[in-house]
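Heads up: the structure comes next, in structure tokens.
The values are calculated or read from the model by the stated rules, or taken from the named source; none is laboratory data. Everything numeric in this text was worked out from a predicted model, so none of it was measured. For neighbour counting, all protein chains shown are included, and Cβ atoms are generated from backbone atoms with ideal geometry for every residue, glycine included. For the accessible areas, the whole protein counts, side chains as well, though only heavy atoms, and no ligand, DNA or RNA atoms are used. Shrake-Rupley method; radii C 1.70, N 1.55, O 1.52, S 1.80 Å.
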Amino acid sequence: MAIVITTHGRVDTSLFDNLPFVSYEVAHIDPVHGLVSDEFLKAEDVRLAGATGDMGTGKYGFLHMFELKEGKYYLIGRRGRGYDSLVPAGPVYVYSYSSNAETDILMEVEIKGGAINYLGEILLTGEPLSNENVTIEDLWDRDRATAEKMNPSIAGLPVHRVTPAMIDTLPQDGVE
């Protein structure tokens, strides 16, 4: 098993002019069952980590920590906050037609067991919602503090830094 840590979010421009939310489905390809979803990383992680999330000034997003078995995985961008089709808007909920719709954001990553696998900060920088408008940066020194606050038992574990690779399409039937 591996512990996977990543932050993801978007550039935060202003209250009235922001980029859409993008959540990520983490999946692998099984030779029998095809694409199998393992995790879902919501664009808005309801935590009291900070008023604007875990990413700092000028960005909006959160750190995610989860376990996966060793192997190849895909991060599939999904438009929306990552919740059901009803989203909070002040004191009421409104229906979101774009909830979890597909985007053109797709990455693959090889996870190694027995260590923390740090995927970096995945940041949406513009539209359209495609790989060309996503940057990935190694900010482990920043993210380690939040991760150890969330789960103090990870302190001192070995860290494998791996950058997800941008890809255009998923392999068909597990064949690349």
Quick one: would you say N151 is open to solvent by 10 Å² or more (accessible area, probe 1.4 Å) and modelled with pLDDT under 95? yes
Could you check region 59-93 and list, in sequence order, the residues that are closer than 20 Å to V134 by Cβ, modelled with pLDDT of 95 or more and either in a loop (DSSP other than H, G, I, E, B) or acidic (D, E) (or both)? none
If you take the residues of region 94-122 that are of a type in the set (D, E, K, R) and part of a strand (DSSP E or B), which of them is modelled with the lowest pLDDT? E102
